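A.B. asks: I am attaching a structure below and will ask some questions about it afterwards.
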Amino acid sequence: MAPAPGHDGPTRGHAAALDAADPLAPLRDRFSDQEDRLCYLDGNSLGRLPRATVERLARVVSDEWGRDLIRSWSHWVDLPRQAGDRLATGVLGASEGSTLVADSTTVNLFKLVSAAVDARPGRRLLVTDEGNFPTDRYVLEGIAAARDLELRLIPTDPIAGPDLDALDDVLGGPRGGRSGDDVAVVSLSHVDYRSAAVTDVVAVNEAASRVGALVVWDLSHAAGAVEVDLEERGCELAVGCTYKYLCGGPGAPAFLYVAPHLHRELRQPIWGWFGQQDQFAMGPAYDPVAGIERFAVGTPSILGLAAADEGIRLAAEAGPAALAAKSRTLTELVVAFYDAHLAALGFTLGSPRDAARRGGHVSLGHVAAWPICQALVDRGVVPDFRGPDLVRLGPAPLSTSAVELWDGLDRLRDLVASGDHDGYDPSPGRVT
Ligand SMILES: *Cc1c(COP(=O)(O)O)cnc(C)c1O
């Protein structure tokens, strides 16, 4: 066991002891060569590259594409479902046949929310929180506009996340209100992309199901960092990215989950041929298959899918409990370091202090967050900036060691103590 950090904060030795006790430590070597001493703390935006992905893509490109050409479709066609099964059973706590890897998170959200709205005819309300990820809010806004429905935004606490009392009010919960029967869909993130606040999934599922509303979860910042347990928690619909903690690569296809009891009831809005019964019969009218493939649309991106499949394999090998435990160890290290050194340098804790309520990243507020992030990159530390004032640190449980994280925090402390970030451009660029 690593010694608990004292009031001087965690030392590098403390971090090394955490690494020595880390059952996932061997998996770090399964990632591609890492630039000397780079502290990569942006695993929640783009996960590191697994070595197996390099080999898999080389094989897919030269053999499956280059040599076998069209003949490869005989197995490529099963890949969205195979990768989905691996993800469902290995990471999400769901059964085979419930999950598909396809399209982007944005497109999948559109598909599932639209399908859910159609399954609740006559109901006029969609609900999300004002702090939800932008694309999620925009997709819901667009669906509401196209169908003449109303989008209700409940408040989001900058640290604690969506206000579930306000959600209860909309759902006509114990505090009264009569709108519950009018709610078609609630869509929330499991882990808030800014604060990492974890929303109480079971409470939301139960409150929504009492009034017959469907819930669509976005697991983008959750899958691979916290335990998701879709079936045990009664989740019916979910989407999420594979390029964050699941290390699927830039723009890798996302996933969607639909509880099997809803497959027949739900019909998604994009009637593509990959959802069709007997697809190659090229029949006259759309007649979707009964299973999860009815949520497929068109020809899958095989290169992206092959890369996603390798990242999912690694996450499944580690397992969700070990990933969550490691993630918690790493974020606790950040909070302990913050208490000992960073609070005094003008930082504030922008994430829940209670580890049980916190996902896989920690946000630190600072008025000079943008110049600090720029200066850190020049010092071999890659953080993430979330405007206007957050330095977001996302250590990836698959690939970040405690020592790597500690070194990054130490350089952050030295930087801000020296004031060297003052020389950097104060205004953010296009991609932050
Ligand atoms: C990262 C993320 C997305 C990204 O959606 P794309 O379609 O891949 O651009 C969507 N929602 C949430 C909550 C995210 O964290």
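The values are calculated or read from the model by the stated rules, or taken from the named source; none is laboratory data. Worth saying up front: this structure is predicted, and the values here are computed from it rather than measured. With ideal geometry, Cβ positions are generated from the backbone for all residues, glycine too; neighbour counts draw on all protein chains shown. SASA here: full protein model, heavy atoms, side chains in, ligands and nucleic acids out. Shrake-Rupley method; radii C 1.70, N 1.55, O 1.52, S 1.80 Å.
A.B. asks: With 5 Å bins from zero, work out the P(r) of the stretch 107-167 over every alpha carbon pair and list the percent per bin.
C.D. replies: The percentages, shortest bin first, are 4, 18, 27, 23, 17, 8, 2, 0.
A.B. asks: Give me the dipole magnitude in Debye, nearest 20, for the chain about the Cα centre, with unit charges on the beta carbon: positive for Lys and Arg, negative for Asp and Glu.
C.D. replies: Working: 40 positive and 59 negative charges, 95 e Å.
That gives a dipole near 460 debye.
A.B. asks: For the stretch 127-140, take each phi angle, set θ = phi - 60°, evaluate the Karplus expression 6.51 cos²θ - 1.76 cosθ + 1.60, and give the result in whole Hz per residue in order, putting x for glycine and proline.
C.D. replies: So the Karplus estimates, Gly and Pro as x, are 10, 9, 10, 5, x, 5, 3, x, 4, 5, 5, 5, 4, 5 Hz.
A.B. asks: Mind pulling the angle between the C-alpha long axis of helix 201-210 and the longest principal axis of the chain? Nearest 10 degrees, somewhere in 0 to 90.
C.D. replies: Helix 201-210 and the main axis of the chain meet at about 30 degrees.
A.B. asks: Using a Gaussian network for the chain with springs between C-alpha atoms less than 10 Å apart, which of these wobbles most: LEU415, LEU342, LEU246?
C.D. replies: LEU415
A.B. asks: Now for a separate question. In terms of modelled amide H atoms, which long-range or inter-chain residues lie less than 5 Å from the amide H of SER363?
C.D. replies: Placed amide hydrogens put GLY350, SER351, LEU393 under 5 Å from SER363.
A.B. asks: Starting from the Cα gyration tensor of the stretch 234-286, take the square roots of the eigenvalues, sort them a ≥ b ≥ c, and report rounded, prolate or oblate (rounded when a/c is under 1.5, otherwise prolate if a/b is larger than b/c, else oblate).
C.D. replies: Oblate is the answer for the stretch 234-286, as a/c is 1.5 or above yet b/c matches or exceeds a/b.
A.B. asks: Which residue fluctuates the most in the chain, going by a Gaussian network model with Cα springs under 10 Å, if the choices are GLN374, GLN279, GLN82?
C.D. replies: GLN279
A.B. asks: Taking a probe of 1.4 Å, how large is the accessible area per residue of the stretch 127-215, in Å²?
C.D. replies: 41 Å²
A.B. asks: Shifting gears a bit: Step through the residues of the stretch 54-69 one at a time and calculate ³J(HN,Hα) from phi using the Karplus curve (6.51 cos²θ - 1.76 cosθ + 1.60, θ = phi - 60°), rounding each to whole Hz and writing x for Gly and Pro.
C.D. replies: So the Karplus estimates, Gly and Pro as x, are 4, 5, 4, 5, 4, 5, 5, 5, 7, 8, 5, 8, x, 8, 8, 6 Hz.
A.B. asks: Using a 1.4 Å probe on the protein heavy atoms, what percent of the accessible area of the stretch 323-422 belongs to carbon and sulfur?
C.D. replies: Numbers: 1530 of 3040 Å².
Carbon and sulfur together cover 51 percent of it.
A.B. asks: Using all Cα-Cα distances in the stretch 178-277, what percent lands in each 10 angstrom bin from 0 up to the longest?
C.D. replies: Cα pair-distance distribution for the stretch 178-277, in percent: 14, 42, 33, 11, 1.
A.B. asks: Send over a whole-number figure in Å² for the accessible area per residue of the stretch 64-104, probe 1.4 Å.
C.D. replies: Dividing the accessible area of the stretch 64-104 by its residue count gives 47 Å².
A.B. asks: With Kirkwood's inverse mean 1/r over C-alpha pairs for Rh, give me the Rg to Rh ratio of the chain, two decimals please.
C.D. replies: 0.99
A.B. asks: Then there's this: Mind putting together the pair-distance distribution for the stretch 348-432? All Cα pairs, 10 Å bins, whole percent per bin, short to long.
C.D. replies: Histogramming the stretch 348-432 at 10 Å steps yields 17, 51, 28, 4 percent.
A.B. asks: Take the solvent-accessible surface of the protein heavy atoms, probe 1.4 Å, and return the percent of it on the stretch 78-119 that carbon and sulfur atoms account for.
C.D. replies: The computed percentage sits at 46.
A.B. asks: Using a Gaussian network model of the chain whose springs link C-alpha atoms within less than 10 Å, name the residue from THR135, THR89, THR99 with the highest mean-square fluctuation.
C.D. replies: Taking springs between Cα atoms under 10 Å, the residue moving most is THR135.
A.B. asks: Also, I was wondering about something else. On a 0 to 90° scale, report how tilted helix 302-318 is relative to the longest principal axis of the chain, with both axes built from alpha carbons and the result rounded to the nearest 10.
C.D. replies: 60 degrees
A.B. asks: Expressed as a whole percentage, what fraction of the accessible surface of the stretch 157-257 belongs to carbon and sulfur atoms when a 1.4 Å probe is rolled over the protein heavy atoms?
C.D. replies: Heavy-atom surface of the stretch 157-257 belonging to carbon and sulfur, 1.4 Å probe: 45 percent.
A.B. asks: If you don't mind, another one. Would you mind computing the Rg to Rh ratio of the stretch 106-231 from its alpha-carbon coordinates, Kirkwood style for Rh? Please report the intermediate quantities before stating the final value.
C.D. replies: Numbers: Rg = 13.4 Å, Rh = 14.4 Å.
Over the Cα atoms of the stretch 106-231, Rg/Rh equals 0.93.
A.B. asks: Using Cα atoms only, what is the angle between the long axis of helix 369-378 and the major principal axis of the chain, expressed in degrees (0 to 90) to the nearest 10?
C.D. replies: Relative to the chain, helix 369-378 is tipped by roughly 80 degrees.
A.B. asks: Now, a different point. Taking H as built 1.01 Å from N, whose amide H comes closer than 5 Å to the amide H of VAL215, not counting residues under 5 places away?
C.D. replies: Placed amide hydrogens put VAL186, GLU236, LEU237 under 5 Å from VAL215.
A.B. asks: So what does ILE292 come to for accessible area, using a 1.4 Å probe and Å² rounded to 10?
C.D. replies: Approximately 0 Å² of ILE292 is accessible to the 1.4 Å probe.
A.B. asks: Taking the alpha carbon gyration tensor of the stretch 1-160, what are the square roots of 5 times its eigenvalues, largest first, to the nearest whole Å?
C.D. replies: 37, 31, 15
A.B. asks: If you don't mind, there's one more thing I want to ask. Leaving out ligands and nucleic acids, note down the accessible area per residue over the stretch 226-332 with a 1.4 angstrom probe, in whole Å².
C.D. replies: Computed with neighbouring chains in place, this is 39 Å² per residue.
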